[in-house]
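Worksheet for the structure shown next.
The values are calculated or read from the model by the stated rules, or taken from the named source; none is laboratory data. All of these numbers come straight from a predicted model, not from anything done at the bench. Cβ sites come from the backbone with ideal geometry, for glycine too, and all protein chains shown count toward neighbours.
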Amino acid sequence: MNLVPVIWSVWGASILLMAVVILYASRLGRNEEDQLFLADSSSHEKSEQSAIAARVAKIQPLKKTTYILAVVMTLLLVAYYALDIVKQFRR
């Protein structure tokens, strides 16, 4: 069995998964604002922003995992082709 189509398929799936997670995380954080709530009168906005921040923080481990998976698959692809080049020059 040829390993190249499997490697390319897994690489493509990992890149696609990473893109989906990035888009989802950016969609979640779209309404997040960088501001301080000093007065108690803005408790509704404060709770809304903390809920958004909690959802964004919840997705961060998945985002980091998909980054790592994409990097590992890219390195495997590069290593496979580097080894293939070395094997061709040894012949």
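A few notes on this one:
- Top-ranked residue in the stretch 1-60 [being aromatic (Phe, Trp, Tyr) and over 14 Å from the mean Cα position of the chain (by Cα); ranked as modelled with the highest pLDDT]: 8
- Pair list, Cβ < 7 Å and 6+ apart or interchain, from the stretch 1-23 residues that are touching a residue at least 60 places away in the same chain (Cβ under 8 Å) to residues that are assigned to a helix (DSSP H, G or I): 7/76; 7/77; 7/80; 10/73; 11/73; 11/74; 11/77
- Annotation: of all residues in the stretch 59-70 being in contact with a helix residue (DSSP H, G or I) (Cβ under 9 Å, 6 or more places away or on another chain) and not small (Gly, Ala, Ser), the one that is nearest to residue 7 (Cα to Cα) is 69.
- The stretch 49-91, residues that are assigned to a helix (DSSP H, G or I) and among the basic types (Lys, Arg): 55, 58, 63, 64, 87, 90
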